[in-house]
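Written out below as structure tokens is the structure these notes cover.
The values are calculated or read from the model by the stated rules, or taken from the named source; none is laboratory data. Bear in mind that the values here come from a model prediction, so they are computed numbers and not experimental data. In this analysis, Cβ positions are derived from the backbone assuming ideal geometry, glycine residues included, and neighbour counts consider all displayed protein chains. The protein model used for the area step is the full one, side chains on, heavy atoms only, and it has no ligands, DNA or RNA in it. Shrake-Rupley method; radii C 1.70, N 1.55, O 1.52, S 1.80 Å.
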Amino acid sequence: MDFTFTEEQQAAVEAARAVFSGVVPDAVPSPALVPGAVAEDIDRPLWAGLAAGDLLSLTLSPEHGGAGLDLVALCLVLRESAKVLARVPLLETCAVAMTLQRYGDQGLAAELLPGVGRGELVLTVGANGRTGHDPAELAVTARLDGDRADVGGGGDSDGDSEAVWVLDGVQSAVPWAQTANWIAVPAHTGDGRAVLALIRRGQDGVTIAEQVSTSGELFGEVRLDAVRITRRELIDAAGAWEWLHALLTTGTCALALGLGEAVLAMTSQYTGKREQFGFPVATFQSVAVQTADRYIDLRAMEVTLWQAAWRIATGESGALPPAGDVAVAKIWASDGVRRVVQTAQHLHGGFGADTDYPLHRFHAWAKQIELSLGPAAAHEEALGDLLAAHSLD
């Protein structure tokens, strides 16, 4: 498999490195030292820098002011963002924008997406359901207004713009819900279909309760009480929610990879300078073996990430559907990022827990990523089901 990146993708990486070069992970209070969120808002200067560098419009089509690149390019940028713990909803905003562009009402896309690319709008998505253990779409119901049951709910843009869909339910742990302009909410209809609703943060019936992530970031419990939306704000195209979920999962694997690479580099620098018995601890065999194992983890995380991103971006066929590649990437990312930070903490000794040293922040972010992806055993079970359902002959 040839994972050589195109010139456009490599240019996106260089642009991302330039924007992220000035980001300092210690710019906000340590999550270990504050009882609530580390900050009330995203990193607005960084968000403006991403917009100025055309990185928020990277995956938007040219008609919406974008570069027209794919998920692989987005994952490359996300990997760079995780190396500095960038406090911006880059994944959520881009994933929702890509889904709206591909499956949503084109009139609404034309209204919102240029503003997304300019950094004027922040998008997020509720992908954790009520508890984080059940499918997210089961946490919210979407029904046609009883007074307008004769109006269809298709994704076309030539229908009545009055509110015809009513949403009820709860989505927990929605990233930066308090600062987002629009929130994408998966829901299920009476006939069991999974749909995707786009709601404005401040509209009637939407309440947001404060939650705090493991990494100390401000999340929200979004409660919907008879929230009414127009038909153009409901994406009911087959596969839309599943595609958005795959984007989010693969992007999270990219974040895990970037964070792991930064932590391994940090560990290499520390063990190369830290001396015991007159020698750098990096020269000790036990240290070298542990770091070599973590390097192997990162390389496995990398190759499985690009395989999954490539399958989703190109739609190429294979022995298994793209969900199989995503499951493999999740297995390696979930376990791999945990092993990398645990080894780093061990080799750093007391420095790993020192709140004046940034490693503990990476550990908190890694745990949040691991929790977001879910346990590797669950993904192994899903992969087993796919293997049982598809012949590999």
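The order of the peptides 327-335, 46-54, 14-22 by mean Cβ neighbours within 10 Å, most packed first, is 327-335, 46-54, 14-22. From the alpha carbon centroid of the range 244-299 to that of the range 176-218 is 35 Å.
Per-residue ellipticity at 222 nm, computed for the chain from helices alone with -39500 (n - 2.57) per DSSP H run of at least four residues, works out to -15500 deg cm²/dmol. Roughly how many Å is it from the Cα centre of the range 79-126 to that of the range 48-63, as a whole number? Answer, in whole Å: 9. What the phi angles of the range 332-348 give under the Karplus curve with 6.51, -1.76 and 1.60, with θ = phi - 60°, is a coupling list of 6, 5, 5, 6, x, 5, 5, 5, 4, 6, 5, 5, 4, 4, 5, 6, 7 Hz, glycine and proline written as x.
With a cut-off of 15 Å between beta carbons, the residues surrounding Ala246 carry a summed charge of -3, where Lys and Arg count +1 and Asp and Glu -1. For the listed peptides 133-139, 287-293, 248-254, a ranking on the average number of other beta carbons within 10 Å per residue, highest first, reads 248-254, 133-139, 287-293. Converting phi to 3J(HN,Hα) with the Karplus coefficients 6.51, -1.76 and 1.60 and the offset θ = phi - 60°, the range 72-78 yields 4, 4, 4, 5, 4, 5, 4 Hz in sequence order, with x at every glycine or proline. Could you state the angle between the C-alpha long axis of helix 240-273 and the longest principal axis of the C-alpha atoms of the chain, as a value from 0 to 90 degrees rounded to the nearest 10? The angle comes out at about 20 degrees. Rounded to the nearest 10 degrees, the inclination of helix 359-373 to the longest alpha-carbon principal axis of the chain is 40 degrees.
Considering only alpha-carbon pairs that sit under 8 angstrom and 6 or more positions apart, the relative contact order computed for the chain is 16 percent.
Surface composition of the chain: carbon plus sulfur atoms contribute 53% of the solvent-accessible area (1.4 Å probe, protein chains only, all chains present). Placing unit charges on each Cβ (+1 for Lys and Arg, -1 for Asp and Glu) gives the chain a dipole about its Cα centre, and among Ala73, Leu255, Ala308 the Cα reaching farthest toward its positive end belongs to Leu255. The string of couplings for the range 172-178 from the Karplus curve (6.51, -1.76, 1.60, θ = phi - 60°) is 9, 6, 8, x, 6, 4, 5 Hz, one whole number per residue in order, with x for Gly and Pro.
Using Cβ point charges alone (K and R +1, D and E -1), the dipole size of the chain about the Cα centre works out to roughly 1120 debye.
At 1.4 Å probe size, with every protein chain present, just tell me what the per residue accessible area of the chain comes to in Å².
Per-residue accessible area for the chain comes out at 42 Å².
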